[in-house]
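Shown next, in structure tokens, is the structure this report addresses.
The values are calculated or read from the model by the stated rules, or taken from the named source; none is laboratory data. Here the structure is a predicted model, which is why all the values come from computation and not from measurement. All Cβ positions, even for glycine, are placed from backbone atoms using ideal geometry, and neighbour counts span all protein chains on display. Keep in mind that these areas ignore ligands, DNA and RNA; they rest on the heavy atoms of the full protein, side chains included. Shrake-Rupley method; radii C 1.70, N 1.55, O 1.52, S 1.80 Å.
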Amino acid sequence: MAQEYIALKENNNDGMIALSKSSFATIANIVIEEDENVKLTEMSTPFKYPLVCKITDDKLILMMDVKVKYSVNVNDACTKLQGKIFENIEHMTGFKPDQIDIRVSGFMF
């Protein structure tokens, strides 16, 4: 069965802090919305979402399908997006993502 949360390993006597995978997906979604060169792909099927977050053995894996602006260097745009997502998740949660996969599915004109 897939994990639905990651338990943060902070030493305190108040209890355990756990973050659900939807919190990581929300942070990544906000970062993508703020970037003017990249947007999430609209999927043709109603049950497939372009941003998927998986937690396996306390490892965070994010996969996303995006469209890149036509006049922008695809490699640079995806590298910047990966860096921003990594930094924001680390800054907001204190947890470092293990893998951020960006699949370019098309271009925005």
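Things to note:
- Any hit, the stretch 88-102, residues being open to solvent by 50 Å² or more (accessible area, probe 1.4 Å), among the basic types (K, R) and under 14 Å from I32 (Cβ atoms): no
- Among the conditions (1) of a type in the set (D, E); (2) assigned to a strand (DSSP E or B); (3) closer than 26 Å to L8 by Cβ, the only one that D65 does not satisfy is (3).
- For E33, the conditions (1) open to solvent by less than 80 Å² (accessible area, probe 1.4 Å); (2) without any contact (Cβ under 8 Å) to a residue 24 or more places away in the chain; (3) not in a loop (DSSP other than H, G, I, E, B) all hold with the exception of (1).
- Single unsatisfied condition, N88 versus (1) out of contact with any helix residue (DSSP H, G or I) (no Cβ under 6 Å at 6 or more places or on another chain); (2) part of a helix (DSSP H, G or I): (1)
- Residues satisfying the criterion are absent from the stretch 6-20 (criterion: without any contact (Cβ under 8 Å) to a residue 24 or more places away in the chain and closer than 23 Å to F107 by Cα).
- Filtering the stretch 42-68 to residues that are over 15 Å from S22 (Cα atoms), buried (at least 16 other Cβ atoms within 10 Å of the Cβ) and not aliphatic (A, V, I, L, M) leaves D65, K67.
- When D58, D76, D98 are checked against the criterion of being under 21 Å from L8 (Cα atoms) and either at pLDDT below 95 or out of contact with any strand residue (DSSP E or B) (no Cβ under 7 Å at 6 or more places or on another chain) (or both), D58 stands alone in meeting it.
- Residue selected from the stretch 11-30 under the condition assigned to a helix (DSSP H, G or I) and touching a Ser or Thr at 6+ places or on another chain (Cβ under 8 Å), by the criterion surrounded by the most Cβ atoms within 10 Å (Cβ to Cβ): F24
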